[in-house]
1. With the requirement that a residue be more than 12 Å from the ligand (Cβ to nearest atom) and either within 16 Å of residue 219 (Cβ to Cβ) or in contact with a strand residue (DSSP E or B) (Cβ under 9 Å, 6 or more places away or on another chain) (or both), what does the range 190-202 give you?
2. Out of curiosity, is residue 57 assigned by TED's automatic domain parsing to the domain that holds residue 193, surrounded by fewer than 17 Cβ atoms within 10 Å (Cβ to Cβ), out of contact with any Pro (no Cβ under 7 Å at 6 or more places or on another chain) and in contact (Cβ under 8 Å) with a residue 12 or more places away in the chain?
3. Residues of the range 61-70 being in a helix (DSSP H, G or I) and exposed (fewer than 15 other Cβ atoms within 10 Å of the Cβ), which ones?
4. In this structure, is residue 197 more than 23 Å from residue 49 (Cα to Cα), without any contact (Cβ under 8 Å) to a residue 60 or more places away in the chain and assigned to a helix (DSSP H, G or I)?
5. Regarding residue 94, is this residue away from the ligand (no atom under 16 Å from the Cβ) and closer than 18 Å to residue 218 by Cα?
6. Scan the range 37-48 and report the pairs whose first residue is within 9 Å of the ligand (Cβ to nearest atom) and whose second residue is part of a loop (DSSP other than H, G, I, E, B) and of a type in the set (Lys, Arg), with Cβ atoms within less than 9 Å and a gap of 6+ or a chain change.
7. Looking at 27, 48, 58, can you tell me which residue is part of a loop (DSSP other than H, G, I, E, B), charged (D, E, K, R) and modelled with pLDDT of 95 or more?
Amino acid sequence: MYTRLVRRLRSLELTGFDEYCDLIHRRDHDELVELVNAITTNLTGFFREPHHFEYLARTALPELMRRNPCNQRLRLWSAGCSTGEEPYSMAMVARESVPQGAGWDLKILATDIDSNVLAKAQAGTYPEERTDGISAERLRRWFRRGARSNAGLVKVDAEAASLVTFKKLNLLDTWPMAGPFDVIFCRNVVIYFDKPTQKALFDRMADILVDRGYLFIGHSESLFKVSERFKLIDRNTYQKEV
Ligand SMILES: C[S@@+](CC[C@H](N)C(=O)[O-])C[C@H]1O[C@@H](n2cnc3c(N)ncnc32)[C@H](O)[C@@H]1O
């Protein structure tokens with residue numbers, strides 16, 4: 001916290017934390033946004049924890065489509081999406097499993113509390129090395145290489161990008177969306193929350209998921225003694241109990 005906030009003090013030319021606290025207590029809107037942006041941890045990557053994307057493609061999406069042949073509606077949510085690599089990876093996998101023109105209404109909501117990461121996510125442009133490890137087939141299908149002033153950058157293909165809507169949302173506030181969602185990715189976000197906060201959050205996630213909807217959480221997270229509304233079905237992968 002110190003290292004992150006001292007940078008704010010320097011750029012505001014403040015002499016100490018007391019002055020910074022005064023600014024925050026005055027509820028200076030711009031600085032509140034900067035404070036949140038400074039203290040969030042945004043580490044992410046395309047197809048991070050790849051077993052989740054394999055499970056989504058091989059098991060969750062086919063099962064959801066079998067279950068809802070008449071409804072033909074699929075809603076996915078990346079809660080704590082950071083710079084966008086997670087929801088774009090979800091979009092790529094979903095489009096590979098649910099081809100355009102197959103009649104499915106497929107949408108992905110991607111939310112984060114940090115306005116800086118959301119702006120990067122929305123742009124969908126990344127340094128080429130961020131795609132290291134992605135198969136040649138996926139690179140060809142889902143990324144466009146930049147030329148001239150954009151050399152060294154890649155842009156997520158419009159077909160995948162068009163599935164994703166980015167919105168600013170603090171997960172601890174009221175949620176404006178009605179749902180229901182079929183799949184929620186909430187990975188590497190709740191590590192910063194205490195147990196009662198995690199419990200309340202996963203309870204609300206259970207409420208907004210369809211019965212037997214899927215919840216993916218991060219590798220160092222667990223619902224053990226946090227929520228009894230989900231059953232563990234794979235690595236850090238849960239299904240809502242009916
Ligand atoms: C470590 S990143 C994880 C990104 C992605 N889910 C992944 O696993 O690759 C955590 C993200 O959660 C966001 N975050 C932290 N607290 C949040 C909150 N209360 N509401 C919404 N987003 C939050 C941070 O801004 C950050 O972008």
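1. 202 - this is the single residue of the range 190-202 that is more than 12 Å from the ligand (Cβ to nearest atom) and either within 16 Å of residue 219 (Cβ to Cβ) or in contact with a strand residue (DSSP E or B) (Cβ under 9 Å, 6 or more places away or on another chain) (or both).
2. Yes; evaluated as a whole, the condition is true for this residue.
3. Selection gives 62, 63, 66, 67.
4. So residue 197 passes the test.
5. Taking the combined requirement at face value, the residue does not satisfy it.
6. 44/187; 48/187
7. 48
To keep it simple, each residue is scored yes or no on (1) more than 9 Å from the ligand (Cβ to nearest atom); (2) surrounded by fewer than 21 Cβ atoms within 10 Å (Cβ to Cβ); (3) modelled with pLDDT of 95 or more.
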position	(1), (2), (3)
172	no, yes, yes
176	yes, yes, yes
180	yes, yes, yes
185	no, no, yes
188	no, no, yes
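The values are calculated or read from the model by the stated rules, or taken from the named source; none is laboratory data. Nothing here was measured: the structure is a model prediction, and the numbers come from that model. For neighbour counting, all protein chains shown are included, and Cβ atoms are generated from backbone atoms with ideal geometry for every residue, glycine included.
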